[in-house]
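Structure first, then comments.
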Amino acid sequence: MKKKFMQKTSYALFIIVFSFGLFSCLPLKAQEQTINISPVVQLISYRSIFGKHVEMLGWGSASIINKEGMIISNNHVVDDGKGKLATAFSVCLTKEKGKRPVCDYTATLISRDDKLDVALLKIDPQDINGQKVDYSQFLTIEPDFNYVPKTQDEAVLIGYPWIGADTISETKGIISGVMEYNDYQYIKTDALIAGGNSGGAMINSAGKLIGIPTFSISDWEGGMAYGLYIKEAQKFIEENINKQIESKTIIFDFPNYQKNIDQINKNQAVTDDLFNFNFDSKYEIKNYIANRYAQLSTKKMQDIAINNLTIELLPLPTITNNKHFLYYVNKYGGYFYDEQSQKLVEKKIGGLTFYTPIYKNDVSQGNTNWSNFYFTQFSPNSWLVINLEAPTWDEKNNEKIKKEIEDVLAKISFKSEKKDVLLKNFNFDLPALGLKIQEDSMVSNDRTGSYQQFFNNLYESFRFDLQQKDIYNGKGKTAQEIYKTETQDINSEYKSLITLNGHKGYIVCDSPNNLFGNYYPSYGPYSYNYYGDNSDENGLVMPEMKNCYLRITDGIYDQNKEEYFLNIIIKASKNNISKYLTELNNFLTNKLELAPISQGETKLVNIYKDLIVLQYNDLEDQNQEYKENLRLLIKYKLLKNEKKFIGEKPMKWQEVLPLYLKATYNIDCAKIAPKKCQSILAGNTVDWYDFFVNKMKIKLTSYVPKNKFDTFKKVVYYRLAGVNLKDWSDKTLAQFEATLNEEKNIENLDKTKIFDNAIYGKRKITLSDIGMNTSYFFSFQDPIFSPKKGIIWQKSLNDQAQDFNQEQPFLDSETKNLQKRRQNNEDNLDKCFKDKNDASSCLIKFMKESVKINKKEKEMENSYSVLTKANLYMNFLNNIDLGLFNSELSKKKDVVIETTEIKLE
C-alpha cells in the first residue's frame, strides 16, 4: 500500500526494468482463456465518510489465488496502518501490456491478521456495471506451501508500485536467505520494491507464489526487499479460503460511485448544479462529490501538466461583509495568509472573482509557487476554494506550465442560479453514526464531520468534529483510560467526566498550568484554536478568551463497527464563557440527537459556573499558578476575595493563629482570647488561648519570625499528640525526629499515629492528588522587625521568585553600615598611632566608637525576618488536608487517589 509503505520504510530510488517474463511461465492456454494477463491485481482501498462520501486511503497489490475470486494481500493495504479499516475496495485488473489496470470490480474483506500482516478478500459477485462476475475467467496463481527458500534462487516481485507509472511492474532478484521479524519468517531478496508493491506477489522460477512483498530496508548504498514467506500464511489461508461473503449493510454505494467517476472520465466532463468542467484526456477525475467537490489529477507524471487540482464548496455562517469574509477565511479556513508580508490578488475563474495570496516581494506574482489556492465567497452562506499544484518552479517550462494552468482553469464555469439548492449540501444528519442535528441554522460540513455555531460574532463559537479512533488515539481503550491519559496533568477543578445519552466522555477547560493547545493530545483535531490574532472581525481588540473542550469517547459506531470520537470545542470571552457553556449544554441536550446507549443518561458540567474570579488587582506580577493557589484558598474560606491581596504584609501572631487553626484542623476561631476560642480536637477539649499564650509563651502582638514558623508547627503538633520532650529547642526537636523510629521512641511514634488518624484519617488529601502544586510569590522587598525601629524593609536579594520555604540571610543596609563603621574605627586607630598621637587619646576614641557599634549590633541581633501573608498561605497549602474541606475528597482517604478521577465541588 502506498501510504503505509512510505511510513514504514525509507529507500533510495532505482531504475526499474519492466518485463513480463512471468507471463511466459504460465500455460498459453490459460492465458487465452482469461481476461487478465496477470493474476496480480491492483487493490485500492477507500474509506466511507459517515456513509455519505468517500476518500482513498491508498493502494497496494494483491494476488488472485483460486477460481472463486479469492485474493490475498497485506493487512496494511486494507487499513491505513493505524487501525482505520477501509470500507470499500476496488480491484483493478491488467488486461493489456503496458496499459493501466481496469477497475471494474470490487471486493469484500473476508478475514485479516494484523500481526501476520495478511488479508484475504473475495471479488464481489457483481462488477460495477451490475454484471455477474465469472470467476473462471481470472488468471490465478497457486501458493507453493512446500517451497523452501534457498540462497541464490531467483525471485520475481510483481505489483503496482507508485514509481511504476500506475502499471503492473516486475523486478527480478536473487534470494539471499530469510529473516525473522515479529516471530514470522520473511524471504529477503535484492529485487527492487517500492510503495504500492505491498501485498503483491513474490514468484519463484516455477511461477508459483512463494511470498508476499511487505517492506524493504535500505540506505543510500542499496536495499533489500522482504516478502512474508507464504508458508507462514498457510494456516490463515486454509482456515478462511472457503468462507463466503456474508450479507453486509451498504452504507455507501461504492460501485455506483466508481461507475460515476468512470463515466465522467469517459466523457471528460463534470456537470452538476455547482459547475461545468471539461478537461483534456491527459487528466482524470480521482474523486467527486456532486455539487460539493472534485479532484483532478494527471494520469501520469508530465513536465507540462497540473499535478493536482481540487474544487470545493464550503459552508459559511451568514456573512454579507467582505471584510468579515476575509477574517473568517484567515481564522477558520485553513488558508492562513499574513497581511504584513502578503497581499491578495484577484483572479477571474469560471465567471467569478477569486482571491489568491502572494508575497509582496514575489516578482513572479505567485507564478513560481508549487501550489496556489484561490477562494471567493459564493453566497452569504458558502464559499469556493480551488487548490492547484503544478511544477511552476521549473524555470525551463514555466511559461508553458502557466499556459497549461490558464487553459485548464478556462474550462471551468460556475453556476450561480442554484445557490439556494446547494445550501442543502450542508447538514449534520449522519444516520451511519446515529447522529443528527435538529436544525440547519449553523455552519456544518458532514464531508469531514464538522459543525460550527457562532455567538453573535466571529470569534466566539462552538464546533463539533468527528474523529475516527485509531491505535494512536485510543482505539481499544475504555473511556476512563482515555480520560486518565489525556487529562493527567490537568487541575481537577478544570476537568470532569460527563455523559451524553449514555455515551461517556469528559470536559476540560482552560487550566492555568496547562494552557489551551498545550495539554491536548497531538493527534486530536485542535486546529480550531485561534490565539494568533488579537483582533476581531471589525479590527477591534478582542477580550480575554477562554476555552472548553468536550470529548465523547465511547459508543459512537458506524455499521462497520468503526468507532469515533465526538470532539466539541467552545471558545468565548472570559465574561461570556459560563453563559455560552450553558447554551452549549442545552444544545447538546435538546438539539443533538445521539443514539442512546445503556440508560441514555446525560450529565453535563459547566465548569466555569462555580469558578471563583479573583478580585485582587495587585497580582499583575504573579504567575497564573499562584493565582490558582489563592483561588483554592478562597474556595475553602481560608482567604477573603478582596480588591487587594497585599502579599508582602508582615504578619503578627494574633492574625496567624486563627488562620493556622482553620487551615490545619478546620477549626473556626475568630480571635485568640481568654475563653473566646475552645474546641474539641482528637477527643480532647483545647483552650487555644491557654495553649498558645500560657503554655507556648507566644506574644500575640509580636511579629511572626519567618525562620521559626516551621518550628512552631512542629511544637504544636507534638504537644497536641501528647509527645513529651525535655524542652522544645531546635536541637532537641532535631534529635527527637532523627530517632523517632527507634525503639526508645515507639510510644511517642504511636501517639503521633493515633493523633493523625483522629484528625486526618488514613491519609491526607494533598494538592498533588488534585493535580496542583504550590507556586512562587514574586516579592520585591522583605519585612524585617527591628526592636528599635519596628518594621523596616530590605530589597529582595534577587529578582527571581523566592520559594516560600526558602530562608533568606538577613543582611540589610544597616548591617553593611555597621561593618563599614567597625572597619573605619580600626583604620582610624592605626592612623592615630602612625601619626604618633597620644596613645591614650587614640584608645579612648576607639573604645567609645566600639561601644556604640556593639550596642547597634546587639539591636540588630534581636531583629528578624518576618513571615509575610504570601509566605503564610503558601505554607498552609504545602501541608493542607483537602479532605477536611471537601466531603467528596474525604471519601477518597481509604483508596489511592487517581488525579484524573477527582472533581472539586
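The values are calculated or read from the model by the stated rules, or taken from the named source; none is laboratory data. For clarity, every value in this text was computed on a predicted model and none was experimentally measured. Virtual Cβ from ideal backbone geometry, glycine too; neighbours counted across all protein chains shown. Accessible surface is based on the protein model in full, side chains and every heavy atom, while ligands, DNA and RNA are left aside. Shrake-Rupley method; radii C 1.70, N 1.55, O 1.52, S 1.80 Å.
Could you tell me which of 818, 589, 387 has its Cα farthest along the dipole of the chain towards the positive end, charges placed at Cβ (Lys, Arg +1; Asp, Glu -1), taken about the Cα centre? The listed residue farthest towards the positive side: 818. Across 245, 261, the residue with the most accessible area heads the list, and the full order at a 1.4 Å probe is 245, 261.
Note on surface exposure: 749, 497 rank 497, 749 by accessible area, highest first, 1.4 Å probe. A Förster radius of 60 Å, combined with the Cβ-Cβ distance separating residue 268 from residue 540, puts the computed FRET efficiency at roughly 0.75.
Kindly report the accessible area of the chain per residue (heavy atoms of protein chains, probe 1.4 Å, no ligands, DNA or RNA), in Å².
Details: 43250 Å² over 905 residues.
About 48 Å² of surface per residue is accessible.
Greater than 20 Å separation of Cα atoms is the criterion. Which listed pairs, 436/495; 676/699; 695/788; 699/816; 84/115, meet it?
Numbers: 436/495 26 Å; 676/699 17 Å; 695/788 28 Å; 699/816 30 Å; 84/115 15 Å.
Those over the limit are 436/495; 695/788; 699/816.
Of the GluC sites (Glu not before Pro) in region 378-421, the ones in a loop by DSSP (not H, G, I, E or B) with at most 11 other beta carbons within 10 Å are 395, 417. In this structure the amide hydrogen of residue 796, modeled in the peptide plane, comes within under 5 Å of the amide hydrogens of 781, 782, none closer than 5 places in sequence on its chain. Under 5 Å from the amide H of residue 698 lie the amide H atoms of 693, each residue being 5 or more positions distant or on a separate chain, with H modelled from the backbone and absent for Pro and chain starts. Of the residues 307, 340, 405, the one whose Cα sits farthest toward the positive end of the charge dipole of region 302-433, with +1 on the Cβ of Lys and Arg and -1 on the Cβ of Asp and Glu, is 340.
Given +1 at the Cβ of Lys and Arg, -1 at the Cβ of Asp and Glu and no other charges, the dipole of the chain around its Cα centre is 3080 debye to the nearest 20.
Calculated translational diffusion coefficient of region 40-238 (25 °C, 0.890 mPa s; Stokes-Einstein with Kirkwood radius over alpha-carbon pairs) equals 146 µm²/s.
Keeping all protein chains in place and using 1.4 angstrom, which order do 508, 421 fall into by accessible surface area, from largest down? Could the numbers behind the result be given before it?
Details: 508 0, 421 75 Å².
Putting 508, 421 in descending order of accessible area: 421, 508.
Using θ = phi - 60° in the Karplus curve 6.51 cos²θ - 1.76 cosθ + 1.60, the 3J(HN,Hα) couplings for region 669-681 round to 8, 5, 8, 7, 8, x, 6, 9, 9, 10, 7, 9, 9 Hz; x is entered for Gly and Pro.
In cubic angstrom, how much convex hull volume per residue do the alpha carbon atoms of the chain span?
Values: hull volume 265.4 nm³, N = 905.
So the per-residue Cα hull volume is 293 Å³.
What percent do you get for the relative contact order of region 40-238 when only Cα pairs under 8 Å and 6+ apart count?
19
In debye to the nearest 20, how big a dipole does region 40-238 give about its Cα centre with +1 on each Lys and Arg Cβ and -1 on each Asp and Glu Cβ?
Values: 19 positive and 25 negative charges, 84 e Å.
It comes to approximately 400 debye.
Could you grab the relative contact order for the chain? Cα pairs under 8 Å, six or more apart, rounded to a whole percent.
Details: 1732 pairs, mean separation 70.6, N = 905.
Contact order relative to length: 8 percent.
Bridgeable aspartates and glutamates around residue 893 (alpha carbons under 13 Å apart, same-chain partners fewer than 8 residues away excluded): 756, 769, 881.
Between the residues 496, 761, 796, the greatest Cα displacement towards the positive end of the dipole of the chain, with unit charges on the Cβ of Lys, Arg, Asp and Glu, is found for 796.
The slack in the chain from residue 726 to residue 679, taken as 0.36 nm per residue of separation less the alpha-carbon distance, amounts to 14.2 nm. For residue 673, nonlocal amide neighbours, meaning residues 5 or more places apart or on other chains whose placed amide H falls under 5 Å from its own, are 689. With a Cα cut-off of under 22 Å and a minimum spacing of 8 residues unless on different chains, the lysine pairs in region 703-766 number 27. Protein heavy-atom surface of the chain, 1.4 angstrom probe: 48% of the accessible area is carbon and sulfur, with nucleic acids and ligands not counted. In this Cβ point-charge picture (+1 for Lys and Arg, -1 for Asp and Glu), region 305-384 has a dipole of about 120 debye about its Cα centre. Within the straight-line cut-off of under 23 Å between alpha carbons, the lysines reachable from residue 259 are 52, 95, 99, 122, 132, 248, 282, 286, 299, 300, sequence neighbours fewer than 8 places apart in one chain being disregarded.
With a cut-off of 8 Å between alpha carbons and a minimum separation of six or more residues, what is the relative contact order of region 147-192 in percent?
For region 147-192, the relative contact order is 37 percent.
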